[in-house]
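Okay, so here's the structure we're looking at.
Nothing in this text is a laboratory measurement; each read-out follows from the coordinates by a stated rule. No experiment lies behind these values; they were computed from the predicted model shown. All Cβ positions, even for glycine, are placed from backbone atoms using ideal geometry, and neighbour counts span all protein chains on display.
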Amino acid sequence: MMRPTARGKFLFSGSEKLWVRGVSYGPRPVPGCVLVWPPRHVVRADFAELAALDLNAVRVHATPPRWLLDLAQGAGLRVLVPVLWPGPEGFLDERSRAGAVTHRLRDEYEQIAVDIIERGIENGEFRPLAPPRVIAFAMFGMTTNTRLWWRPNSPMTAAEVSAFFSEVFLSGLRTTPSHND
């Protein structure tokens, strides 16, 4: 499944326009309560039914577990994942709250990257060049300051810069060369 890209006001999957047809799925976070996702066999059956109805996406209201993303991909569904904030009020106006949110999101994204890298190493797709967390830090370090130098009128589009960084980074991790190597 190709990662969608935005072109103007439309989404594309490769050269084809992507029409998102989906539903909301899963539990909604409630402060102070444990988030419980349906069991895997239920999610698998739900996703198969949604795909049979010619839907191609589900929107979740909380960060889903990795297994849910795998089941969605297996059913041919895309998952729209929210960026979760602690509350609707102007929390970024308070420096201490903004810092806490930034740290929490950084930790969540770091764990997602570490999980992907660990899985790639386990599957033999990535070389174990260093501990997965160190590899994730290298990846984030490579891209952190892009916002400081990239401008909309740059010779490379944001998508081209992203693709370039991805290729440079992944070519060092892959156990076999990509078609671009």
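Karplus-based coupling profile of the stretch 60-72, in residue order and whole Hz: 9, 10, 8, 4, x, x, 4, 4, 5, 4, 5, 5, 4, with θ = phi - 60° in 6.51 cos²θ - 1.76 cosθ + 1.60 and x standing for Gly or Pro. Between the stretch 105-129 and the stretch 25-59, the C-alpha centres lie 24 angstrom from each other.
Largest mean-square fluctuation among 74, 32, 124, in a Gaussian network model of the chain whose springs join Cα atoms under 10 Å apart, belongs to 32. DSSP bridge analysis restricted to the chain gives an antiparallel fraction near 50%, rounded to the nearest 5. The stretch between residue 150 and residue 168, if pulled fully straight at 0.36 nm per residue, gains 4.7 nm over its current Cα-Cα span. Springs between Cα atoms under 10 Å define the GNM used for the chain, and in it the highest mean-square fluctuation of 22, 141, 120 occurs at 141. When exposed loop sites are taken as trypsin sites (Lys or Arg not before Pro) in a DSSP loop with at most 14 other Cβ atoms within 10 Å, the longest stretch of the chain clear of them is 22-181.
Counting every other Cβ atom within 10 Å of each residue's Cβ, 167, 122 order from fewest to most as 122, 167. For the stretch 117-127, backbone phi angles converted through the Karplus equation (6.51, -1.76, 1.60; θ = phi - 60°) give residue-by-residue couplings of 5, 4, 5, x, 5, 4, 7, x, 7, 10, 7 Hz, Gly and Pro being listed as x. Convex hull volume per residue, computed on the Cα atoms of the chain, equals 179 Å³.
Provide the net charge surrounding residue 117, with neighbours chosen by a C-beta distance below 13 Å and charges set as Lys +1, Arg +1, Asp -1, Glu -1. Charge balance near residue 117 sits at 0.
With the helix formula -39500 (n - 2.57) applied to DSSP H stretches of n ≥ 4, the chain reaches a computed 222 nm mean residue ellipticity of -14500 deg cm²/dmol.
Comparing 131, 38, 155 in a Gaussian network model of the chain where C-alpha atoms under 10 Å apart are linked, the largest mean-square fluctuation is found at 155.
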